[in-house]
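The values are calculated or read from the model by the stated rules, or taken from the named source; none is laboratory data. Quick caveat: nothing in here was measured; it's all calculated off a predicted structure. Neighbour counts are summed over all protein chains in view; Cβ atoms, including those assigned to glycine, are modelled from backbone coordinates with ideal geometry.
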Amino acid sequence: MAEEDEESTPLLSELYKPPALLPIARLKDQLLYAIETHPVTIIVGETGSGKTTQIPQFLYHSGWTNDGSQIAVTQPRRIACTSVSARVASELETPLGQEVGYSIRFEDVTSSKTRIKFVTDGLLLREMLVDPLLKRYSVVMVDEAHERSLSSDVLLSLLKKVLRKRSDLRVVVSSATLDAERFLDFFAPEEGEKIHGLDRDEYGCIVSIEGRAHPVDIFYLSEPTNDYIERAVDTIIDIHTKEADGDILCFLTGREEIDDCIDMIADRIVDLNPNFKNLQPLPLYAGLPSDQQMYVFEKAAENTRKVIIATNIAEASVTIENIVYVIDVGYVKLRAYDPILGIERLNITPVSKASATQRAGRAGRTRAGKCYRLYTEEGFEGLEDATFPEIQRSNLAPVLLQLMNLGIQNLIRFDYLSNPPSKLIVRALDLLFSLGAIDDYGRLTKPLGTRMAELPLEPMLAKALLNAPSFGCLSEMLTIAAMMTLQGTAFVSHSDTTKLLERSRRRFAVKEGDHITLYNVYQSFVSVGKKDAQWCRDNCLNHKAMIKAVSVRKQLENYLERMGIQESALQGGDVKRVGGMEMGEKVQRCLTTGYFAQAARMKSDGSFQTVGGETTLWAHPSSMFFHRKADWVIYHEILETKGKVYIRDLTTIEMDWLTEYAPEYYKVKKR
Ligand code: CDP
Ligand code: MG
């Protein structure tokens, strides 16, 4: 076992800097003392100083898990959980999933031996449903708190409450750039108040890790650019042909941009003088399959310069060694929720100054570096200081549902780190009410509301799944729900096989739309493709993703079973009730009961219009309605690329169903 592990990571280990040399090593005793003596410790230190990988090990070695408790370390992103836990496991020389493990939605790599557990902040919130005081943990470390992700903000609020009930719990808040005083202030008792005998000054402590960063020269454009991808490619080629050795890290906003950029680099490489080193472009974004993520962390091959094209995931949550050049286009994709339209989008937004500084810092880890900002100096001066918290720009329905299930009654007065606008709360409650999750008094309904909160799916999908038995399509909806969690990764395309991909999609397509098409994909996979990787390749299907769907389906089935909903038992009885209806229609209707708030109608030009007619949407190229005509549809997801708003996973419905299944919602809308 151990041998195998070593074999699979020879390149990685070459890169490892002995932990004893990390800046945090000198602070070990001070840190442990701070944590021992204060309920809350805030740790601020440059990316790469060792916060994420070392602090949990310090705690582990100094006995914080001796009584069988665990240490939880939360991350806003799944990829950080998987990559960092692998790293810590290898430092402790144990296989991943033993002493060190990780747990993310639908993927639990822990065991009874696990003492250090990396989890997404959202998942730890979920754990509180069954373990409200988080009793199994002696320390909870909320990492990357500066990102102000929705779940980590809410988690901090809940931890504040838990700390008042548990004098033995320790909370560590860590981050690269953080307004530490503000966080400490949030946790501390009021003036004159004491908690567990501790007053304001004794309750928390700030520890700063002095970075040992090298200087980074910053370059700006003299004129703004209107095509930052092209400009980034030019800059990459310039660096490669003119500058000394050292890898390049380029920040773009999303997967499509990254793919485009890599294609453009590939085109340019062909023309390069063969005397230059090789240039190897590598993508890094949150949905990247884990086997491909590893290339990013591996040392470049001989005579090769790596250029990593990443989203802001590389800003703080993962460490890539040997970066000397950073290219920052100055934008990031951020969630933005429009409470009037009820639409959540990922908008391309200028970064904050804190982000830009953080990005530049990535260049100075190994030696002096250079950062090319693809905007003007005035542009930089005009940026916001820090990123706007996610809780102020998100659809709050999922998180409010969770809070209610934790017994929190007054959602307006809840102790938020930053208050969400009341518009957002009202809108979320509106939606939850229309979905039947809460009653007229704003209380969670039983069993529907509590079950929706318990399912690890967003409320609309949870509702559709829980409604499936009454339509006699539970088995189909379980499959569809599992496929939805793949978020578009079921099909894979290589740039040279787009035609093949189109043909494969068509092979599975049905007139009802993408959901049932994905159902067909799943069915074919389990009957022929599961053991046949070649079949998957021939059909442009991602074998790993499909295996994942099978596992997710099983897990969802278990959730339902625990709720007393059984696939086989319910099916027979219900078929009668909706007798005569085709399976397709059952699924279409069932989906409408969950997704009525995301309905749109196709216009003659092929674009879609939302119910109120406020927004123009386009079918995503992955949808069968990219080419085909439809009338009314519901959609699973909205995403914005290059200024165009796309909807993904569409199914046709009839307009009457909207008022049939959501009379309240559409009454409100018409006003
Ligand atoms: O959390 P923080 O940014 O302070 O640092 P860290 O993630 O604990 O990383 C500490 C050091 O471990 C980095 O400087 C890298 O040398 C190394 N590391 C790595 O090589 N590969 C990883 N996946 C994680 C960390
Ligand atoms: Mg970290």
Item checked: When residues of the stretch 290-316 are limited to those that are touching a residue at least 40 places away in the same chain (Cβ under 8 Å) and in a strand (DSSP E or B), the one farthest from residue 174 (Cα to Cα) -> 305
Notebook entry, point to check: Hey, does the stretch 150-172 have a residue that's crowded, with 22+ Cβ neighbours inside 10 Å, in the same structural domain as residue 72 (by TED's automatic domain parsing), within 16 Å of ligand 2 (Cβ to nearest atom) and not in a loop (DSSP other than H, G, I, E, B)?
Noted result: yes
Item checked: Residues within the stretch 297-331 that are over 21 Å from residue 120 (Cα atoms) and more than 16 Å from ligand 2 (Cβ to nearest atom), tallied -> 21
Next item on the list: Scan the stretch 226-252 for residues that are surrounded by 17 or more Cβ atoms within 10 Å (Cβ to Cβ) and in contact (Cβ under 8 Å) with a residue 60 or more places away in the chain and report the count.
Entry: 15
Check: Right, residue 316: out of contact with any Pro (no Cβ under 8 Å at 6 or more places or on another chain) and either loosely packed, with under 15 Cβ neighbours inside 10 Å or at pLDDT below 85 (or both) or not?
Finding: yes
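Tell me the residue from 609, 571 that is at pLDDT below 95, part of a helix (DSSP H, G or I) and over 26 Å from the mean Cα position of the chain (by Cα), please. Outline the logic, then answer.
On the way: 609 fails: part of a helix (DSSP H, G or I).
It is 571.
To keep it simple, each residue is scored yes or no on (1) outside the structural domain of residue 339 (by TED's automatic domain parsing); (2) assigned to a loop (DSSP other than H, G, I, E, B); (3) in contact (Cβ under 8 Å) with a residue 40 or more places away in the chain.
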| position | (1), (2), (3) |
| --- | --- |
| 399 | yes, no, yes |
| 403 | yes, no, yes |
| 411 | yes, yes, no |
| 415 | yes, yes, yes |
| 419 | yes, yes, no |
| 426 | yes, no, yes |
| 440 | yes, yes, no |
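In the list 661, 595, 665, which residue meets the criterion of being modelled with pLDDT of 90 or more and within 30 Å of the chain's Cα centre (by Cα)?
Numbers: 661 fails: within 30 Å of the chain's Cα centre (by Cα); 665 fails: modelled with pLDDT of 90 or more.
Only one candidate passes the filter, namely 595.
Select, from 551, 524, the only residue that is assigned to a helix (DSSP H, G or I), modelled with pLDDT of 90 or more, farther than 26 Å from residue 633 by Cβ and out of contact with any helix residue (DSSP H, G or I) (no Cβ under 6 Å at 6 or more places or on another chain). Can you show your working first?
Details: 524 fails: farther than 26 Å from residue 633 by Cβ.
Just one listed residue meets the conditions, 551.
Would you pick out the residues in the stretch 317-346 that are touching a Lys or Arg at 6+ places or on another chain (Cβ under 9 Å), outside any loop (DSSP other than H, G, I, E, B) and of a type in the set (A, V, I, L, M)?
If the condition is that a residue be touching a Lys or Arg at 6+ places or on another chain (Cβ under 9 Å), outside any loop (DSSP other than H, G, I, E, B) and of a type in the set (A, V, I, L, M), then 323, 324, 326, 327, 334, 336, 346 are the ones that fit.
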Margin query: Give all pairs with beta carbons closer than 6 Å in which a residue from the stretch 18-34 that is within 12 Å of ligand 1 (Cβ to nearest atom) meets a residue that is of a type in the set (Lys, Arg); count only pairs at least 6 apart in sequence or on separate chains.
Written below: 23/212
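Condition test on residue 538, is it surrounded by fewer than 15 Cβ atoms within 10 Å (Cβ to Cβ) and either modelled with pLDDT of 95 or more or in contact with a Ser or Thr (Cβ under 9 Å, 6 or more places away or on another chain) (or both)? Give the steps one after another, and end with the answer.
Values: surrounded by fewer than 15 Cβ atoms within 10 Å (Cβ to Cβ): yes; either modelled with pLDDT of 95 or more or in contact with a Ser or Thr (Cβ under 9 Å, 6 or more places away or on another chain) (or both): yes.
Criteria met by residue 538.
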Notebook entry, point to check: Is there a residue in the stretch 363-385 that is in contact with an Asp or Glu (Cβ under 6 Å, 6 or more places away or on another chain), modelled with pLDDT of 90 or more and not in a strand (DSSP E or B)?
Noted result: no
Next item on the list: Please specify each residue of the stretch 187-208 satisfying the condition of being surrounded by 11 or more Cβ atoms within 10 Å (Cβ to Cβ), in a loop (DSSP other than H, G, I, E, B) and in contact with a helix residue (DSSP H, G or I) (Cβ under 7 Å, 6 or more places away or on another chain).
Entry: 188, 189
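Residues of the stretch 43-54 being more than 22 Å from the chain's Cα centre (by Cα), outside any loop (DSSP other than H, G, I, E, B) and not polar (S, T, N, Q), which ones? Reasoning before the result, please.
Applying the first criterion (more than 22 Å from the chain's Cα centre (by Cα)) to the stretch 43-54 yields 43-46, 49-50, 54.
Among the residues that remain, those that are also outside any loop (DSSP other than H, G, I, E, B) are: 43-45, 54.
The answer is 43, 44, 45.
Looking at this structure, is residue 86 without any contact (Cβ under 8 Å) to a residue 60 or more places away in the chain, small (Gly, Ala, Ser), within 15 Å of ligand 1 (Cβ to nearest atom) and in the same structural domain as residue 122 (by TED's automatic domain parsing)? Lay out the reasoning, then the answer.
Working: without any contact (Cβ under 8 Å) to a residue 60 or more places away in the chain: yes; small (Gly, Ala, Ser): yes; within 15 Å of ligand 1 (Cβ to nearest atom): yes; in the same structural domain as residue 122 (by TED's automatic domain parsing): yes.
In short, yes.
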Next item on the list: Could you tell me which residue of the stretch 372-386 is farthest from residue 344 (Cα to Cα), considering only residues that are touching a residue at least 40 places away in the same chain (Cβ under 8 Å) and either small (Gly, Ala, Ser) or not assigned by TED's automatic domain parsing to the domain that holds residue 324 (or both)?
Entry: 379
Next item on the list: State whether the residues of the stretch 101-110 include one that is within 16 Å of ligand 1 (Cβ to nearest atom) and in contact with a Gly (Cβ under 6 Å, 6 or more places away or on another chain).
Entry: yes
Next item on the list: Give the number of residues within the stretch 267-289 that are over 23 Å from residue 359 (Cα atoms) and either touching a residue at least 40 places away in the same chain (Cβ under 8 Å) or surrounded by 13 or more Cβ atoms within 10 Å (Cβ to Cβ) (or both).
Entry: 7
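Being part of a strand (DSSP E or B), more than 16 Å from ligand 2 (Cβ to nearest atom) and closer than 29 Å to residue 78 by Cβ is the requirement here; does residue 138 meet it?
Working: part of a strand (DSSP E or B): yes; more than 16 Å from ligand 2 (Cβ to nearest atom): yes; closer than 29 Å to residue 78 by Cβ: yes.
Against the criterion (part of a strand (DSSP E or B), more than 16 Å from ligand 2 (Cβ to nearest atom) and closer than 29 Å to residue 78 by Cβ), residue 138 qualifies.
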Next item on the list: Take residue 223 and decide whether it is more than 16 Å from ligand 2 (Cβ to nearest atom), farther than 18 Å from residue 34 by Cβ, in contact with a strand residue (DSSP E or B) (Cβ under 8 Å, 6 or more places away or on another chain) and touching a residue at least 24 places away in the same chain (Cβ under 8 Å).
Entry: no
